[in-house]
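The values are calculated or read from the model by the stated rules, or taken from the named source; none is laboratory data. Predicted model, so just to flag it, every value in this text is computed and none were measured. Neighbour counts are summed over all protein chains in view; Cβ atoms, including those assigned to glycine, are modelled from backbone coordinates with ideal geometry. The accessibility values were calculated without ligands, DNA or RNA, using every heavy atom of the protein model including side chains. Shrake-Rupley method; radii C 1.70, N 1.55, O 1.52, S 1.80 Å.
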Amino acid sequence: MGIATINPATGETVKTFEPLSGEAIEAKLALAQQAFEQYRKTPMSQRAAWLKEAAEILERDKVSVGKVMTTEMGKTVQSAIAEAEKSAWVCRYYADNAAEFLADVPASTDATQSFVRYQPLGAILAVMPWNFPFWQVFRFAAPALMAGNVGLLKHASNVPQCALAIEDIFKQAGFPEGVFQTLLIGANQVEAVVNDWRVKAATLTGSEPAGASLAAAAGKQIKKTVLELGGSDPFIVLESADLEAAVSTAVTARMLNNGQSCIAAKRFIVEDAIADEFERRLVEKFQALKVGDPMDENTDVGPLATPGILQDLDGLVQICIEKGSKVLIGGKALSDRPGNFYPPTILSDFPAGTPADKEEFFGPVALLFRVPDIDAAIKRANAIPFGLGASAWTTDEEQIHRLVDEIEAGAVFINGLVKSDPRLPFGGIKRSGYGRELGIQGIHEFVNIKTVWIK
Ligand code: NAP
């Protein structure tokens, strides 16, 4: 697939783009380096003022940029507008806090004076996914630019207009030319960019194969990477839970972004004592969801982003069914309309060896597991190669402690939805990746942590 806007709700090719030539990439890398040499000297207060202006623009233009997101990747327009607002939030968060996060840290040693100073590295490459086409980019860019780095964005090939709109927002906000640039390039052009001496580090949010490929290329060049990869997050519901709150949140947690979120709840692990009731209410709520045009404000679930995502998802569902899993609702692509529509689906009863054991179901498909007790719930939750987030529901203090301690994931949310928040670090363990975005930890990923010792 080339670089193009293809409306997932209709299948229509709206606009195509030529990938940058080798010379055009060279010019952008040269500009990035030139920009960095000046930009690293700009005062933090100036960077913060530009970033706050970017936040203003995001809020001012949230409806128009929201429609660009919806047209390119199919998320419902209300969620796209909310994404523009959340992107403004992360800009303000780092504009307000970066000076404190990056202040010198004194240390008492045998020196007259010793401290740690955080300094920028240079151009950082961000390879980003289409699923949160603004949020993913801003959560990389806000801390990176506040730290004095310059950003290079290789966005997913199906969201080129989002990629260009983001570059334009940074320009309009006043950041000097070259501080944030979009590279319209295919995945096969990434390695050459990573290899270039002016690129100092890279981050990728996306699938495991893409992450492994970028990390291998960067590893050969001894360049640091942060990887935010897939997940198959558990959503554990134990007997003492507030069942209505758990079921309502389960629906939101699974259907977020038409089911295409790394931290969407994907495996629902429910204690036997309440499993029948949980299942009954979940089916009822899934039945009530309105699938349709993502531009329509009444739509709950829009199309999947590409025909490939739909095929992959349906492939996993069909294998589960062939191997004997039960379909409680949905289970087959909607063929009565154009576009990449998949119905809300719930599968249960998985014999050993189905994809439910180890695959990420990237779409509106819930996998329902019944377990006898908390031991089995934790065992099931951890029996997956991923470790991104986990949501667990119980009112028992003892159980809360166990879940917090024993779940293998980058985040555990008790009695709530797993979500990203600028104030908290975000990232995974196991095959979900390494490194952290957001919070104070996120801004420390792409800096030189310089030890200073003076006598
Ligand atoms: P993807 O196919 O891996 O694409 C992500 C980005 O990587 C795109 O820009 C893509 O470019 C690029 N890419 C693909 N193969 C590459 C390669 N070999 N070398 C360098 N770059 C490459 O993933 P996706 O399907 O868009 O996104 C879905 C996945 O992202 C899911 O697994 C989801 O869980 C994960 N995700 C994780 C997080 C997190 O924070 N942990 C957040 C969101 C999504 P092209 O588009 O040009 O191929």
Exercise. Stretched out fully, how many nm does the piece from residue 216 to residue 195 gain, at 0.36 nm a residue minus the Cα gap?
Worked result: 6.5 nm
Seminar exercise, completed: Magnitude of the Cβ-charge dipole (Lys and Arg +1, Asp and Glu -1) of segment 233-421 about the Cα centre, nearest 20 debye, reported as 620
Exercise. Considering only the other residues whose Cβ falls under 15 Å of the Cβ of residue 227, what net charge follows from Lys and Arg at +1 and Asp and Glu at -1?
Worked result: +2
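Can you pick out the pairs among 171/223; 52/154; 75/430; 220/450; 266/419 whose Cα atoms lie more than 18 Å from each other? Could you put the intermediate results ahead of the total?
Details: 171/223 28 Å; 52/154 24 Å; 75/430 28 Å; 220/450 24 Å; 266/419 14 Å.
Flagged as over cut-off: 171/223; 52/154; 75/430; 220/450.
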Exercise. In Å, what is the Rg of the alpha-carbon atoms in segment 68-131, and how long is Dmax?
Worked result: 19.4, 61
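Could you order the peptides 91-101, 69-79 from most to least packed, using the average number of other C-beta atoms within 10 Å per residue?
Working: 91-101: 19.8, 69-79: 24.5.
For the peptides 91-101, 69-79, the packing ranking is 69-79, 91-101.
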Exercise. Nearest 0.05, what FRET efficiency do residue 373 and residue 352 give at R0 = 25 Å with Cβ-Cβ as r?
Worked result: 0.80
Exercise. Expressed in nm², what is the orientationally averaged projection area of the convex hull enclosing the Cα positions of segment 233-421?
Worked result: 10.4
Exercise. Within segment 233-421, what percent of beta bridges assigned by DSSP are antiparallel, to the nearest 5?
Worked result: 10
For this session: Report the local net charge at residue 123: Lys and Arg +1, Asp and Glu -1, summed over other residues whose C-beta lies under 10 Å from its C-beta.
Result: +2
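With r defined as the distance between the Cβ atoms of residue 290 and residue 455 and R0 fixed at 60 Å, what FRET efficiency is calculated, to the nearest 0.05?
Numbers: r = 70 Å, r/R0 = 1.17.
With a Förster radius of 60 Å, E is 0.30.
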Seminar exercise, completed: The simple spin-label model distance between residue 42 and residue 164, using points 7 Å out along Cα→Cβ, in nm, is 2.4
Exercise. For the chain, what relative contact order do you get, as a whole percent, if you take Cα pairs closer than 8 Å and at least 6 residues apart?
Worked result: 19
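May I ask you to give the percent of accessible area on the chain that is carbon plus sulfur, with a probe radius of 1.4 Å? Kindly include the intermediate steps, with their values, before the conclusion.
Numbers: 9510 of 18120 Å².
Carbon and sulfur: 52 percent of the exposed surface of the chain.
So for segment 233-421, averaging the separation of alpha carbon pairs under 8 Å that are six or more residues apart and normalising by length, what relative contact order in percent results? Walk me through the numbers on the way to the answer.
Details: 367 pairs, mean separation 55.8, N = 189.
Dividing the mean separation by the residue count of segment 233-421 yields 30 percent.
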Exercise. In debye to the nearest 20, how big a dipole does the chain give about its Cα centre with +1 on each Lys and Arg Cβ and -1 on each Asp and Glu Cβ?
Worked result: 1360
For this session: Give me the distance in nm between label points sitting 7 Å out from Cα along the Cα-to-Cβ direction at residue 49 and residue 34, one decimal.
Result: 2.4
Problem set entry | Farthest toward positive dipole pole in segment 98-179 [+1 Lys/Arg, -1 Asp/Glu at C-beta], among 149, 125, 99 | 125
Exercise. Given the Cα-Cα distance of residue 207 and residue 85 and 0.36 nm per residue of separation, how much length would full extension add, in nm?
Worked result: 41.3 nm
For this session: May I ask you to give the average projected area over all directions of the convex hull of the Cα atoms of the chain, in nm² rounded to one decimal?
Result: 22.7
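Taking the Cα centre of segment 22-163 as origin and charging only Cβ (+1 Lys, Arg; -1 Asp, Glu), how large is the dipole, in debye to the nearest 20?
Numbers: 14 positive and 14 negative charges, 41 e Å.
That gives segment 22-163 a dipole magnitude of about 200 debye.
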Problem set entry | Label-to-label distance, nm, for residues given as residue 323 and residue 448 (7 Å Cα→Cβ offset) | 5.0
Seminar exercise, completed: So for R0 = 41 Å, FRET eff. of residue 332-residue 172 from the Cβ-Cβ r, to 0.05, ends up at 0.35
For this session: Could you point to the residue in 376, 282, 345 farthest towards the positive end of segment 233-421's charge dipole, with +1 and -1 charges on the Cβ of Lys/Arg and Asp/Glu respectively?
Result: 345
Problem set entry | Residue (of 159, 112, 417) at the positive-pole extreme of the chain, dipole from beta-carbon charges | 112
